[in-house]
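Everything on this sheet refers to the single structure shown next.
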Amino acid sequence: MALEGASQSQRQESRAGAVPNRDALDEAALVERFWERIRVFACRRLATAAEGEDVAQETIRRVLEALRLGRLRAPEALPAFVFETARNICRHRHRSAAREGRAFDRLRSRLPHAEPAIDPLANILSEGERGAVRTALSHLADDDRELLRMSYYQALDTAEVARRLGATPAAIRVRRFRALHKLRALLEDHP
């Protein structure tokens, strides 16, 4: 047998395959090779660029750690290992989001239901201020008014508003900022 005279470390390297050891591992090349593909892969499964980048970063971290510890035995298995790691991280995020949603639903069901105020502005503004806000809102474009209604009256989160309006969350944040800026200008013009 060829390994009979080999040292213990040489026998371990032979069993582990030709996967580079920690010193020979070119981490920058690995990141360059897989980063964008993992990010796109995760974005398709999780639907947001931010989550896709988080998954890509976590995947690269876990793969590098596994390579440093010599857990990958066959170098030709590296692409499959990388994408299986990314797939597992995406699955974990889906399960966590589902558990979180169920937990919030249980919490909501346990809270006493207070009667909603007829006008949400009544809690924070005087009658004169409410009239000014209503007038300013009536001068906004219908789509701006609807966006503000969903965001503040219905208290929907940005992702839900984006889903209902068929836009990205980033676009909704920009549109909401602009609508609030227009509303503020209208309020300043007509005190």
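Nothing in this text is a laboratory measurement; each read-out follows from the coordinates by a stated rule. It should be emphasised that the depicted structure is a prediction, and the values quoted were computed from it without experimental measurement. All Cβ positions, even for glycine, are placed from backbone atoms using ideal geometry, and neighbour counts span all protein chains on display.
Annotation: extensible slack from residue 164 through residue 54 equals 37.1 nm (criterion: 0.36 nm per residue apart, minus Cα-Cα distance).
Could you grab the Rg to Rh ratio for the stretch 120-189? Cα atoms only, Kirkwood for Rh. Walk me through the numbers before you get to the answer.
Numbers: Rg = 12.4 Å, Rh = 12.6 Å.
My calculation puts Rg/Rh at 0.99.
Let me check I've understood the local charge: for residue 136, count other residues with C-beta under 14 angstrom from its C-beta, Lys and Arg +1, Asp and Glu -1. What total comes out? Please list the in-between numbers first.
Values: positive: 130, 134, 145, 149, 182, 184; negative: 129, 144, 188, 189.
Cβ neighbours under 14 Å give a net charge of +2.
Here the mean projected area of the convex hull built on the C-alpha positions of the stretch 40-85 is 3.0 nm². Net charge near residue 38: determine it from the other residues with C-beta under 13 Å of the C-beta of residue 38, scoring Lys and Arg +1 and Asp and Glu -1. Residues near residue 38 contribute +1 overall.
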